[in-house]
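This report concerns only the one structure given below.
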Amino acid sequence: MLLPRTVYPQAHDRLHMLCNHAGFVPEVAEEASSLTSVTVLVAAGVGVSIVPASVSARFNLDDIVYRPLENPTPTLPVVVSWRRSDTSAVLHRFLDAVRTLRPASSEDEHGPQVTVPAAMAGG
């Protein structure tokens, strides 16, 4: 299962590239519009998927096994978004916390960027 390219083109393309690099072309049984849908399809036995590692904590179902991927661990950049005019203390504490998660070189004029590791999900 994959998210369709129209939903998240960068993730879709990155996963296809990683599969090609590993020597295979993924056989996509089903595309799902959200990670929740992907997880439900895996739990239903429709197939397997590569998902962000954080999904294993959010969707800890008895029928699904999550395994971290190794060499190379696929990553996808994510960005933080906020209203430019927001000066709240909560926002600034949140941004400070995000900045501790990323290398110093991954911040540009738009703010911090963080890379998220992936894991394999299967039933």
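The values are calculated or read from the model by the stated rules, or taken from the named source; none is laboratory data. All values reported here derive from a predicted model rather than from experimental measurement. So basically every Cβ, Gly included, is an ideal-geometry build from the backbone, and we count neighbours across all protein chains shown.
Here are the numbers for the structure shown:
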item	result
Given (1) surrounded by 13 or more Cβ atoms within 10 Å (Cβ to Cβ); (2) assigned to a helix (DSSP H, G or I), number of the condition Ile50 does not satisfy	(2)
Residue in region 77-85 that is under 16 Å from the mean Cα position of the chain (by Cα) and either at pLDDT 85 or above or farther than 22 Å from His16 by Cα (or both) present	yes
Total residues in region 1-27, condition over 17 Å from Val42 (Cβ atoms), touching a helix residue (DSSP H, G or I) at 6+ places or on another chain (Cβ under 7 Å) and surrounded by 11 or more Cβ atoms within 10 Å (Cβ to Cβ)	1
